[in-house]
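The values are calculated or read from the model by the stated rules, or taken from the named source; none is laboratory data. The structure displayed is predicted, hence computed values, not measured ones. Note: ideal-geometry Cβ built from the backbone for every residue, glycine included; neighbour counts use all protein chains shown.
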């Protein structure tokens, strides 16, 4: 509560995601519905070139991301050649349902397509096509969205096992239901009671809560309940020691 009050005083236009979205739209940027900034005060958005920036719906933008629509390198030419040759701004367009990782930089003249994922620390200097994963400096496409989907689907259990092993080494036990986060999808039976267990303690980060619940209810678990999950993870951590 105190932190929120301090942020409001220090960053009145971006003390949280909602405030930042409202402010950007008010001054002339375009920011779509349900877009979420994970650490709004840390964002570096080129508001002096507000007319050049468009961010779509349902985007997730991580901490310390920079969106820069101008360039000032022409000042070097002025000093070296004695001429003023401003290069001006260039549009930045970020599509719908895009994730931009921590400390990425989006430079002027770039268009990022729908359903794209930009890796943390990336420097985006050229267009990124829709349905793709890009990373690096300069950012390059490293995977399609479908390939990434298949990879996570294939590795769902392996990733859950990894989480359980890390938790076990830290706490000396298997995580309880409320400590498994989103991985509780692999053992909760889809019913009304477990729907409430699934959403308990989850931070939706701007996601539509009802849509997340709908997705949960229309998928299937890997295990028949928490007890089976517990036995499996116990075997995993014991074999790992």
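Those residues that are buried (at least 20 other Cβ atoms within 10 Å of the Cβ) and under 17 Å from residue 144 (Cβ atoms), I need them from the range 98-112; list them, please.
If the condition is that a residue be buried (at least 20 other Cβ atoms within 10 Å of the Cβ) and under 17 Å from residue 144 (Cβ atoms), then 98, 112 are the ones that fit.
So, of the residues in the range 188-200 that are surrounded by fewer than 13 Cβ atoms within 10 Å (Cβ to Cβ) and at pLDDT below 90, which turns out to be nearest to residue 18 (Cα to Cα)?
That would be 200.
Output the residues belonging to the range 201-239 that are more than 30 Å from the chain's Cα centre (by Cα), exposed (fewer than 12 other Cβ atoms within 10 Å of the Cβ) and not in a loop (DSSP other than H, G, I, E, B).
Correct list: 227, 235, 238, 239.
If residue 177 satisfies all but one of (1) within 22 Å of residue 221 (Cβ to Cβ); (2) exposed (fewer than 14 other Cβ atoms within 10 Å of the Cβ); (3) at pLDDT below 95, what's the number of the condition it fails?
Condition not satisfied by residue 177: (2).
Do we find a residue being assigned to a strand (DSSP E or B), under 24 Å from the mean Cα position of the chain (by Cα), surrounded by fewer than 20 Cβ atoms within 10 Å (Cβ to Cβ) and modelled with pLDDT of 95 or more anywhere in the range 45-53?
no
Of (1) within 14 Å of residue 55 (Cα to Cα); (2) within 14 Å of the chain's Cα centre (by Cα), residue 102 satisfies all except one. Which?
Failing condition for residue 102: (1).
Please go through the range 203-233 and give me each residue that is under 12 Å from residue 189 (Cβ atoms) and touching a residue at least 24 places away in the same chain (Cβ under 8 Å), ordered by number.
216, 217, 219, 220, 221, 222, 223, 224, 225, 226, 228, 229 - these are the residues of the range 203-233 that are under 12 Å from residue 189 (Cβ atoms) and touching a residue at least 24 places away in the same chain (Cβ under 8 Å).
Report, by residue number, each residue of the range 66-97 that is loosely packed, with under 15 Cβ neighbours inside 10 Å and in contact with a strand residue (DSSP E or B) (Cβ under 8 Å, 6 or more places away or on another chain).
Listed by number, the list holds a single entry, 91.
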